[in-house]
Amino acid sequence: MFATLEQTGATELHVHRDPVTGLRAIIAIHSTLRGPAVGGCRCLHYPDEDAALTDVTRLARGMSYKAALSGLPHGGAKSVILRPDGPFDRVALYQAFGRFVDTLGGRYITAIDSGTELDDLDQVAMTTDHVWGHHGDGLDPSPLTTLGVLSSLEAAVRHQLKRSNFRGLHFAIQGLGHVGADVARRLADAGASLTLADLDTQRSQSLASELGAHWISADAIYDASCDGFIPCALGNVLNANTIPRLRTRIVAGSANNQLGRDQDAQLLHDHGILYAPDYIVNAGGLIQVAMGHHGATRDQIRRKVQGIGETLSRIFREAQQRGLTPARMADHLAEERLQHTSDQAA
Ligand code: NAI
């Protein structure tokens with residue numbers, strides 16, 4: 001357990017079991033140096049507890065880096081609910097989770113992530129104030145996450161393909177949920193052609209027919225020849241097995257923890273693929289809920305999210321000049337910012 005915390009730099013782990021509702025949940029806090037730690041709640045089946053622990057601590061680090069590079073006064077954290085095997089009372093489970101979050105007194109603020117819906121967060125909001133992005137505050141993060149993905153794609157296309165728009169380009173999108181489907185519609189509107197894949201083939205088929213796109217099976221998406229591959233499903237999709245199959249020049253999508261291991265960033269680079277670091281690409285949702293709660297206007301939030309592309313362009317350039325991968329360059333900048341905050345606090 002401590003080895004996992006050390007590997008990811010996470011500083012705290014909180015574990016809770018509620019025998020009444022069957023809740024089994026973990027909260028990992030990476031850092032509170034810059035302010036209360038924010039991060040979504042996943043509710044998934046994990047093969048074992050170690051897998052949940054690795055996921056939650058790596059995700060917490062990504063949230064700290066994301067908040068630091070977005071210049072937000074927040075640290076990073078994440079939580080996972082180990083999804084019960086049998087039928088369960090969803091309302092009671094999420095209310096129990098809210099009580100767990102409340103025990104941390106606001107040092108952790110929860111939000112949406114895979115397997116959790118806005119309705120679930122409404123239940124969390126019944127038992128704690130420390131939840132962002134539900135119907136009550138009207139700050140659904142997904143549309144702003146989409147905006148950030150599009151801004152990132154523009155930057156990647158400009159850098160790698162020397163193109164200033166999406167017209168005539170071909171993109172392959174993995175995962176057609178809140179973000180992936182929205183990205184697909186916006187790219188189709190901008191004149192791009194699309195190959196779509198989701199584990200739920202019904203979803204792929206109906207979106208493909210709506211947009212005049214191709215759809216393929218979930219596993220075949222790695223072999224699709226395209227200008228940009230857009231992972232919007234789950235993590236660990238870029239690894240030694242999948243990277244050699246990719247026939248793209250760019251990877252930029254919203255999924256968290258896309259790289260199987262940190263070294264996979266180098267493997268992508270060796271295959272001539274420009275990788276846009278996931279926690280920068282998907283920062284739009286965090287910016288939306290954090291700035292929204294700090295009183296920013298819609299316009300101010302949109303402008304900030306549209307700035308994600310500029311941040312990425314700078315990272316692509318600096319990485320190239322210093323002979324680093326964009327992923328390493330982004331980590332380096334985020335770690336510098338966290339160190340600076342820590343020095344100031346000392
Ligand atoms: P979602 O749960 O609405 O959609 C995910 C989709 O991916 C589902 O349709 C699911 O069937 C599909 N999927 C799962 N495994 C797949 C596979 N192996 N191959 C193909 N499709 C697969 O999730 P959402 O909200 O769209 O988020 C997508 C990703 O972006 C997640 O990793 C999430 O953590 C990340 N993210 C989302 C944010 C948001 O504002 N929604 C903010 C930051 C990150």
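The values are calculated or read from the model by the stated rules, or taken from the named source; none is laboratory data. As the structure is a computational prediction, the values presented were derived from the model and not from experiment. Don't worry about glycine lacking a Cβ; one is built from the backbone with ideal geometry, like all the others, and counts go over all protein chains shown.
Please find, among CYS232, CYS226, the residue that is buried (at least 24 other Cβ atoms within 10 Å of the Cβ) and in contact with a Ser or Thr (Cβ under 7 Å, 6 or more places away or on another chain). So that I can check it myself, show each step before the final result.
On the way: CYS226 fails: buried (at least 24 other Cβ atoms within 10 Å of the Cβ).
Unique residue meeting the criteria: CYS232.
For GLY35, all conditions in the list (1) within 16 Å of the ligand (Cβ to nearest atom); (2) of a type outside the set (Asp, Glu); (3) in contact (Cβ under 8 Å) with a residue 40 or more places away in the chain hold save one; what is the number of the exception?
Here GLY35 meets the rest and fails (1).
Which members of region 7-24 meet the condition of being among the aliphatic types (A, V, I, L, M) and surrounded by fewer than 23 Cβ atoms within 10 Å (Cβ to Cβ)? Give the steps one after another, and end with the answer.
We begin by selecting, within region 7-24, every residue among the aliphatic types (A, V, I, L, M); these are 10, 13, 15, 20, 23.
Residues satisfying the conditions are LEU13, VAL15, VAL20, LEU23.
In region 284-333, how many are of a type in the set (A, V, I, L, M), closer than 29 Å to ASP129 by Cα and away from the ligand (no atom under 16 Å from the Cβ)?
So the count comes out to 1.
Could you say which residue among ALA155, ALA188, ALA192, ALA208 is within 16 Å of the ligand (Cβ to nearest atom), aliphatic (A, V, I, L, M) and at pLDDT 95 or above?
Details: ALA155 fails: within 16 Å of the ligand (Cβ to nearest atom); ALA188 fails: within 16 Å of the ligand (Cβ to nearest atom); ALA192 fails: within 16 Å of the ligand (Cβ to nearest atom).
The unique qualifying residue is ALA208.
Going by the conditions given, is ASP129 acidic (Asp, Glu), in contact (Cβ under 8 Å) with a residue 60 or more places away in the chain and farther than 20 Å from ASN282 by Cα? Before you say what the answer is, go through the steps one by one.
Numbers: acidic (Asp, Glu): yes; in contact (Cβ under 8 Å) with a residue 60 or more places away in the chain: no; farther than 20 Å from ASN282 by Cα: yes.
No; evaluated as a whole, the condition is false for this residue.
Which one of ASP129, ASP122, ASP137 is of a type in the set (Asp, Glu) and assigned to a helix (DSSP H, G or I)? Walk me through it before giving the result.
On the way: ASP129 fails: assigned to a helix (DSSP H, G or I); ASP137 fails: assigned to a helix (DSSP H, G or I).
That would be ASP122, the only listed residue that is of a type in the set (Asp, Glu) and assigned to a helix (DSSP H, G or I).
Could you please find all residues in region 158-174 being crowded, with 16+ Cβ neighbours inside 10 Å and more than 16 Å from the ligand (Cβ to nearest atom)?
Taking region 158-174 first, the residues crowded, with 16+ Cβ neighbours inside 10 Å are 158-160, 166, 169-174.
Matches in region 158-174: ARG158, HIS159, GLN160, PHE166, LEU169, HIS170.
Looking at SER254 and the list (1) in contact with a Leu (Cβ under 9 Å, 6 or more places away or on another chain); (2) within 30 Å of PRO73 (Cβ to Cβ); (3) surrounded by 23 or more Cβ atoms within 10 Å (Cβ to Cβ), which single condition is not satisfied?
So SER254 meets the others, but not (1).
Considering only residues of region 231-246 that are within 14 Å of the ligand (Cβ to nearest atom), part of a loop (DSSP other than H, G, I, E, B) and not polar (S, T, N, Q), which is farthest from THR116 (Cα to Cα)?
Across region 231-246, the extreme among qualifying residues is VAL237.
Return only the number of the condition from (1) under 18 Å from the mean Cα position of the chain (by Cα); (2) touching a residue at least 40 places away in the same chain (Cβ under 8 Å); (3) farther than 22 Å from TYR279 by Cβ that PHE229 does not satisfy.
For PHE229, the exception is condition (3).
List the number of the failed condition for TYR275; all other conditions in (1) in contact with a Leu (Cβ under 6 Å, 6 or more places away or on another chain); (2) without any contact (Cβ under 8 Å) to a residue 60 or more places away in the chain; (3) within 14 Å of the ligand (Cβ to nearest atom) hold.
It is condition (3) that TYR275 fails.
Show the residue pairs meeting these rules: Cβ distance below 6 Å; 6+ apart or different chains; first residue within region 188-204 and more than 16 Å from PHE166 (Cα to Cα) and without any contact (Cβ under 8 Å) to a residue 60 or more places away in the chain; second residue more than 8 Å from the ligand (Cβ to nearest atom) and polar (S, T, N, Q).
LEU196/SER204; ALA197/SER204; ASP198/SER204
I need the full set of residues from region 172-185 which are in a helix (DSSP H, G or I) and either more than 21 Å from GLY285 (Cβ to Cβ) or at pLDDT 95 or above (or both), in order please.
Keep residues of region 172-185 that are in a helix (DSSP H, G or I), which gives 178-185.
Correct list: VAL179, GLY180, ALA181, ASP182, VAL183, ALA184, ARG185.
Out of the residues in region 175-194 meeting the condition of being of a type outside the set (A, V, I, L, M) and surrounded by fewer than 24 Cβ atoms within 10 Å (Cβ to Cβ), tell me which one is nearest to SER142 (Cα to Cα). Even if it seems obvious, please write down each step before you answer.
Step one: of region 175-194, the residues of a type outside the set (A, V, I, L, M) are 175, 177-178, 180, 182, 185-186, 189, 191, 193.
Within this subset, residues satisfying the condition of being surrounded by fewer than 24 Cβ atoms within 10 Å (Cβ to Cβ) are 177-178, 182, 185-186, 189, 191, 193.
Values: GLY177: 10, HIS178: 6, ASP182: 9, ARG185: 14, ARG186: 14, ASP189: 18, GLY191: 22, SER193: 23 Å.
Top of the filtered list is HIS178.
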